[in-house]
Amino acid sequence: MIESYKDFKNYLTHLDRRPKLLLHSCCAPCSSHTLTVLKDYFDITIYYSNDNIYPEEEFFIRAEEQKKLISEMGLDIKVVVDSFNKANYDEAVKGLENLGERSIRCYNCYEFRMEKTAAYAKVHGFDFFTTTLSISPYKNSEWINEIGYRLEEKYGVKFLYSNFKKEDGYKDSIRLSHEYNLYRQDYCGCIYSLAERKAHLDEE
């Protein structure tokens, strides 16, 4: 089990083949830097599965930006866009709606999306799965890795350690977003993060 970013980088250099990796992506900007880290080591498929996003139109805007980024980067990577079903997300965070960002509500959201990723990876014969979520300074990487390793045991697909905010990953994602002229939203994606963002702006 990889437990540090240093060990993760060392692990990449010792891969003796290009394993198949299913990379859950929340949006194009967050995947940009992540792809620069992973593209030379894995045969990657992007799995865009984000029932948490609000409003529904935002889900499709982000999906198209994800496809655009892959094209702009000139990568031979398939983008799988999962169907959108907000009711599934609502069930995952039921009773936690009024908790703030970085609360157990977010933990459940990570787990919900990552489990869908692990299940898809199992069915489709991937060697590894991971997520771009950890690139955000607002996301708890320890939680993400805890969930990932637990899902590895449940589904029998290896989880790739995730802490892509390291080495100024978040800053690089902003740079790449400008370079590729990506749409970059100013909230996490869910209706609750949008409301929190608006409340913060109203206070300023």
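Points to keep in mind about this one:
- Every condition in (1) touching a Cys at 6+ places or on another chain (Cβ under 7 Å); (2) open to solvent by less than 10 Å² (accessible area, probe 1.4 Å); (3) assigned to a loop (DSSP other than H, G, I, E, B) holds for residue 62 except the one numbered (3).
- Filtered by the rule that a residue be farther than 15 Å from residue 62 by Cβ and either open to solvent by 10 Å² or more (accessible area, probe 1.4 Å) or not in a strand (DSSP E or B) (or both), the stretch 19-33 gives 19, 20, 33.
- Spans of helices (runs of 4 or more DSSP H) in the stretch 90-204 with at least 3 residues open to solvent by 50 Å² or more (accessible area, probe 1.4 Å), more than 22 Å from residue 58 (Cβ to Cβ) and out of contact with any Lys or Arg (no Cβ under 8 Å at 6 or more places or on another chain): 104-123, 141-155, 169-179
- Among the residues of the stretch 66-87, those identified as exposed (fewer than 14 other Cβ atoms within 10 Å of the Cβ) and in a helix (DSSP H, G or I) are 71, 87.
- Selection within the stretch 42-58 - closer than 10 Å to residue 82 by Cα and assigned to a strand (DSSP E or B): 47, 48
- Close pairs (9 angstrom Cβ cut-off, 6 or more residues apart or separate chains): within 17 Å of residue 26 (Cα to Cα) and hydrophobic (A, V, I, L, M, F, W, C) in the stretch 160-184, open to solvent by 80 Å² or more (accessible area, probe 1.4 Å) and part of a helix (DSSP H, G or I) anywhere: 182/72
The values are calculated or read from the model by the stated rules, or taken from the named source; none is laboratory data. Values in this document were obtained by computation on a predicted structure and should not be read as measured data. Note: ideal-geometry Cβ built from the backbone for every residue, glycine included; neighbour counts use all protein chains shown. What goes into the accessible areas is simple: the full protein's heavy atoms, side chains included, and nothing from ligands, DNA or RNA. Shrake-Rupley method; radii C 1.70, N 1.55, O 1.52, S 1.80 Å.
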